[in-house]
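Chemist: So that we are looking at the same thing, I have put the structure below in C-alpha cells.
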Amino acid sequence: MNPIFNQLLEPYQGVETHLLVLEILGVFFGLLSVLFSKRDNILVFPTGIISTLIFVYILLVYGLLGDMLINAYYFIMSVYGWYMWTRKVSAEAFLPITSWTKKEQVKSLLLFVSTLIGVALVYQVFNKWENWVSYADVVTTGIFFVGMWLMAKKKIENWIFWIVGDFVSIPMYIYKGLLLTAIQYFIFGLIAIFAYYAWKKNLNKPKTELLK
C-alpha cells in the first residue's frame with residue numbers, strides 16, 4: 001500500500017467502526033457548514049450544529065475535554081448565530097453582511113485575550129506544555145473563538161480569522177502525524193479565502209432570502 005496512504009490511516013488503527021463513521025459524518029457536515037456559510041445560507045448553522053454535536057461525543061469518548069469544550073462553544077455560537085441570521089432588521093430584510101465596528105473590535109480583542117489566558121491556564125494546570133504545538137494551539141483557539149463569534153454576528157472579518165487559524169493549524173497537525181486533518185484544514189482555508197471575497201460582493205446589501 002502507498003506509504004502516504006498508510007500514514008493517513010495510521011491514526012485510525014484500532015478505532016471502533018462507529019467512531020470512524022461518526023468522524024466521517026462530522027467532517028462531512030463541517031465541510032457542508034463552511035460551504036453554506038460561503039454562500040451566506042442559513043443552513044450553515046443546522047449543519048454546523050450536527051457536526052459539533054458529533055465531535056463533542058467523539059472527543060468525550062477519547063477524553064479530550066479541552067477540544068470537547070471548544071466544540072461545545074461552537075455549538076452555542078451556532079445556536080446564537082442561527083437566531084441572529086434569522087432576525088429581521090426591517091419588514092423584508094434579514095441581518096446583512098457588515099464590517100465590524102470599533103466596539104466589536106474591542107470585544108474581539110477581549111475575547112481573544114481572555115481565551116488565550118483561559119486555555120493557557122488549562123495547559124498550566126494539567127502540565128501540558130510540551131513544545132511549539134502547545135503554544136500554537138493556544139493561539140489558534142483564540143483565533144477560532146473570535147472567528148466563530150464574528151460569524152454569528154455576520155461580520156465579514158470572521159473570514160480573516162478563519163483563514164489565519166486554518167493555515168496556522170496545518171503544520172500543527174502535520175507535526176502530530178494527522179495528515180488527514182491537516183488536509184481538511186487546508187481545504188477549509190481555501191474555502192475561507194473564496195468566502196471572504198464572496199461576502200465582500202454583498203457587503204452591506206439587504207438580505208431578503210435565508211436560503212439560496
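The values are calculated or read from the model by the stated rules, or taken from the named source; none is laboratory data. Treat the numbers as computed from the prediction; the structure is a model and nothing was measured. Note that each Cβ is placed from the backbone with ideal geometry, even for glycine, and that neighbours are counted across all protein chains shown.
Chemist: For the range 108-145, how many residues meet the condition of being surrounded by 16 or more Cβ atoms within 10 Å (Cβ to Cβ) and either in contact (Cβ under 8 Å) with a residue 60 or more places away in the chain or within 17 Å of F161 (Cα to Cα) (or both)?
Modeler: Selection size over the range 108-145: 14.
Chemist: Those residues that are under 29 Å from K103 (Cβ atoms), aromatic (F, W, Y) and crowded, with 18+ Cβ neighbours inside 10 Å, I need them from the range 157-191; list them, please.
Modeler: W159, F161, W162, F188
Chemist: Going residue by residue through the range 35-53, is there one that turns out to be surrounded by fewer than 18 Cβ atoms within 10 Å (Cβ to Cβ), among the hydrophobic types (A, V, I, L, M, F, W, C) and without any contact (Cβ under 8 Å) to a residue 12 or more places away in the chain?
Modeler: No.
Chemist: Right, something else. Can you tell me which residue within the range 189-206, out of those that are touching an Asp or Glu at 6+ places or on another chain (Cβ under 7 Å) and closer than 17 Å to K153 by Cα, is modelled with the lowest pLDDT?
Modeler: Here the answer is N202.
Chemist: Given (1) among the acidic types (D, E); (2) without any contact (Cβ under 8 Å) to a residue 40 or more places away in the chain; (3) buried (at least 20 other Cβ atoms within 10 Å of the Cβ), identify the lone condition not met by D67.
Modeler: (3)
Chemist: Say whether the condition of being out of contact with any helix residue (DSSP H, G or I) (no Cβ under 8 Å at 6 or more places or on another chain), part of a helix (DSSP H, G or I) and exposed (fewer than 14 other Cβ atoms within 10 Å of the Cβ) is met by at least one residue in the range 79-94.
Modeler: yes
Chemist: Assess whether A120 counts as being small (G, A, S) and under 14 Å from the mean Cα position of the chain (by Cα).
Modeler: When the stated conditions are applied, A120 does not pass them.
Chemist: Go through the range 95-107 and give me each residue that's surrounded by 12 or more Cβ atoms within 10 Å (Cβ to Cβ) and among the hydrophobic types (A, V, I, L, M, F, W, C).
Modeler: L95, I97, W100
Chemist: How about the range 162-193: which of its residues are of a type outside the set (A, V, I, L, M) and in contact with a Ser or Thr (Cβ under 7 Å, 6 or more places away or on another chain)?
Modeler: Scanning the range 162-193 gives G165, S169, Y173, Y185.
Chemist: Further, regarding this structure: Residues T86, T98: which one is among the β-branched types (V, I, T), more than 30 Å from T17 (Cα to Cα) and modelled with pLDDT of 95 or more?
Modeler: Just a single option satisfies the conditions, and that option is T98.
Chemist: Considering only residues that are within 12 Å of the chain's Cα centre (by Cα) and within 21 Å of T181 (Cβ to Cβ), which ones fall in the range 123-150?
Modeler: T140, T141, G142, I143, F144, F145, G147, M148
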